[in-house]
Amino acid sequence: MSSYAPLLAALVALLAGLTIGKAWERYKLKDGGWIDRRRARESPHYILGLNFLVANQIDLAIEELSKAASLDGDALEVHMILGNLYREKGQVGKAITLHQTLLQRPNLSKLEHANVLLCLGLDYKRGGFVDRALEAFNEVLRLDTTNEYALLNLQKLHEEQHQWTEAYDTRHRLSKLADIEARPQSHAILAFLENEIGLEAVRRKEYADAIRRFEAAIDLDARAVPAYLNLGDVRVMQGNEREAAAVWDRLIEIAPDRAYLAFDRLEALAIRTGNPDRFTKLCRRLIDENAQDWRARLALSRHLAASGHPREALDLLFAALVQNPHALSIHQAIWRALGQLHHPAALVDRYGELTQHAVFYLDPHVCMRCRYRSTELLWQCPHCHDWNTFVEERIAPAQDPTEVEV
Ligand SMILES: [Zn+2]
């Protein structure tokens, strides 16, 4: 047995060494006393705080994380999260003070500095201190040039201020950082921003510049619908109606589901140029190509009713109603057409039959978190699994009551 003693002693020493080593990792000397480095993150308060955070119970999360933070004044991320929670609660002043205090720490690494500054920028943004928020996000980007979150917030701030060129430049930087598969989405956003820059040029009456911008938007994203509409408008302002019609025709080819946005423009153009058939032919073609196109039927019916053909208009409207019984604009057009015809009993009955079985509120409840729709009021969302997130969606009036002609 005694021959094992040295071996056993060595083994015990090794185990003791390992244990002490492990313990050594955990503790360090600070201000003459030993402190537990893992204390904040290993405390049950930290885990509980995170659990409450996941459950969206912010008050309880703040309570637990405050306890965890008080155990260890050094734990940067716990303090940072706590500040962010204050901001989420709307206690912006408290969040700003906390994050500013963290920035004063002498030993922050460059990345830690950038992260705290990002939190501070979000505090400023939430508090409405736009200039300070812009400054903070720009400073983050000086420390960390590829910080996508800072870029995104900077873009949003510039958008809110209608600083479209700056928003475009920021999105352009983000776009270069995006993965290949995320690029089309990023280009679509760039196209919207390019379109806004074009609209500014229109307001300055710099039409050549505006045209360049709208065309660039379409190059970025072929489905940039507003750019087509605006490009055509500029062509009309320049007196080039043929070119305007060509642009809007292109929009209809590329995005037939959005064709209706050009209907008013194309109808006015067709009437102005003495060629109203051009518009009726377009509507008929769209209906032929897509039997469900209720908007083309509605547009054509309005055109027919205005040109003294309410009976034909009504047939189209009844067909449109079958496709979309919810559209208030169809019902209003039907009432107008029935009025023009002095309410013939047979047609009024037909309208009654068509609407009798229509479920007008087919799915009025919508989840505020994920937009999942439901016919009934649900207490838990089957899509995002959140509780009590459904609200009843109401149909807004089609026009501001003050704008209605008497
Ligand atoms: Zn949901």
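What follows is calculated from the coordinates using simple rules that are stated; it is not laboratory data. This one's a predicted model, so the numbers in the text were calculated from it and none came from an experiment. Glycine gets a Cβ as well: all are built from the backbone with ideal geometry, and neighbour counts include every protein chain shown.
Annotations
- Of Tyr351, Tyr372, all but one fail to be surrounded by 13 or more Cβ atoms within 10 Å (Cβ to Cβ), among the hydroxyl-bearing types (Ser, Thr, Tyr), over 15 Å from Trp294 (Cβ atoms) and more than 14 Å from the ligand (Cβ to nearest atom); the exception is Tyr351.
- Unique match (being touching a residue at least 40 places away in the same chain (Cβ under 8 Å) and of a type in the set (A, V, I, L, M, F, W, C)) among Leu76, Leu65: Leu76
- Figure legend. Inter-residue proximity from the stretch 383-394: first residues in contact (Cβ under 8 Å) with a residue 12 or more places away in the chain, second residues more than 11 Å from the ligand (Cβ to nearest atom) and part of a loop (DSSP other than H, G, I, E, B), beta-carbon distance below 6 Å, spacing 6+ or different chains. Indicated pairs: Phe390/Leu377; Glu392/Pro364; Glu393/Pro364.
- Subset of the stretch 279-311 [surrounded by fewer than 16 Cβ atoms within 10 Å (Cβ to Cβ) and within 17 Å of Ala246 (Cα to Cα)]: Lys281, Arg285
Yes/no per residue for (1) under 20 Å from Ala69 (Cβ atoms); (2) in contact with a helix residue (DSSP H, G or I) (Cβ under 8 Å, 6 or more places away or on another chain); (3) hydrophobic (A, V, I, L, M, F, W, C):
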| site | (1), (2), (3) |
| --- | --- |
| Ile96 | yes, yes, yes |
| His99 | yes, yes, no |
| Glu112 | yes, yes, no |
| Asn115 | yes, yes, no |
| Leu120 | yes, yes, yes |
| Asp131 | no, no, no |
| Leu134 | no, yes, yes |
| Asn138 | no, yes, no |
| Thr146 | no, yes, no |
